[in-house]
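The block underneath contains the structure these notes are about, expressed in structure tokens.
Read-outs: derived from the displayed coordinates by stated rules, not from any lab. If you're wondering where the values come from, they're calculated on a predicted model, not measured in any experiment. Note that we place each Cβ from the backbone using ideal geometry, even for glycine, and neighbour counts take in every protein chain shown.
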Amino acid sequence: MRMTLLVSSAGRRVGLVECFRSSAAAIGIELEVLACDRDPQFSAACQVADRAFAVPRCDDPEFVETMLEIVRENGVNLVVPTIDPELAPLAGAAHRFRASGAHVHVSPPGVIEVVRDKLRTAQVMEAAGVPVPWTVPLEAAHASAYPIVWPMFLKPSGGSASRNIKVATSSADLPEAPEEPMILQQLLIGPEYTVNMYIDREGDLRNAVAHRRLRVRAGEVEKGRTERDPVLRRLAEGVARALPLARGVLCFQVIADERTGPCVFDINARFGGGYPLVHYAGGEYTRWLLEEVAGLPSTAHDNWRAGALMLRYDAAVFQG
């Protein structure tokens, strides 16, 4: 069996490409890996792919059209986005990709609208009984609509990759006219975890792997260790209940606050940057996704290893 995979906004995701290739080989799929990025010549993952393509920014109206053209001309079966800003345009066009023969690994638009808005995420999770940090829009803080207990965490409501985040120690630290919607969130103090989830096409949570974020660089885990904790598993079940239409791979961030206990504060409806650790520990999401798209029996399970340690280091791809 042959399949063609397109990894979008491939950037540095060499580890993800390698996981897909390993999974394909394990189940007898001959996999061609395509990758795209704004500047593929400067993307390590594009360089290790079989072929690479240049595409516009994901907020460009031509992004979806260019992706569809790649899909049609190359017989792509599966499109895997890797960054948050491209989820909404791809989710909105999923039916067009499907008509062209490709499955886009993305949850429906309603799910993406929630997880891409940190205020709505907090509201939806809290309504479902999932513990979250106290969260208010920046405008409410300016209007003194709520009593604020400083310090607080200031972040863009639609941010990702730790962009424009800061600790605000008083109202003097708050911007008067931010360029994008901002929120204030309770400052959580304690160990931080990522919980990775695999939800099958029927909507069943098949796997939840938690890893402690021992060290983080630019919002992505650099050193991590998998840990089994029934509390974190229950949080995954709560997130799945709160987002009943979510499908495929998601991950969310938790801080076990020393005062309030574990709180969910961010959800990514895509492969997380720390996925290679999940894969190494036995959560082979790339295999299970390929099985679903190929129509093969699913081997998804929740029998993964605790204590798996990832220590990332910088490597290089050379050309010329």
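Worth a mention:
- Under a model in which nothing but the beta-carbon of Lys, Arg (+1) and Asp, Glu (-1) is charged, region 189-311 shows a dipole of about 260 debye around its Cα centre.
- Evaluated over the Cα positions of region 168-320, the convex hull gives a direction-averaged projected area, one quarter of its surface, of 13.2 nm².
- Cut-off 11 Å between beta-carbons: net charge of the residues surrounding residue 314, Lys and Arg +1, Asp and Glu -1: +2
- Nearest-ten-degree value, helix 14-26 long axis tilted from longest Cα axis of the chain: 50
- Folded to 0 to 90 degrees: helix 62-74 orientation relative to the chain principal axis, Cα: 30
- Protection proxy ranking of 234-243, 66-75, by the mean of other Cβ atoms within 10 Å over each peptide's residues and highest first, is 234-243, 66-75.
- Packing-based order for 25-35, 91-101, using average beta carbon neighbours within 10 Å, highest first: 25-35, 91-101
- Each of residue 98 and residue 314 was given a label point 7 Å from its Cα along the Cα-to-Cβ line. The distance between the two points is 4.4 nm.
- Gyration tensor verdict on the chain (Cα atoms; rounded if a/c is under 1.5, prolate if a/b is larger than b/c, oblate otherwise): prolate
- Cα centroid separation - region 243-320 against region 36-51, whole Å: 22
- Peptide packing: for 47-60, 295-308, 256-269, the average count of neighbouring Cβ atoms within 10 Å per residue gives the ranking 256-269, 47-60, 295-308, highest mean first.
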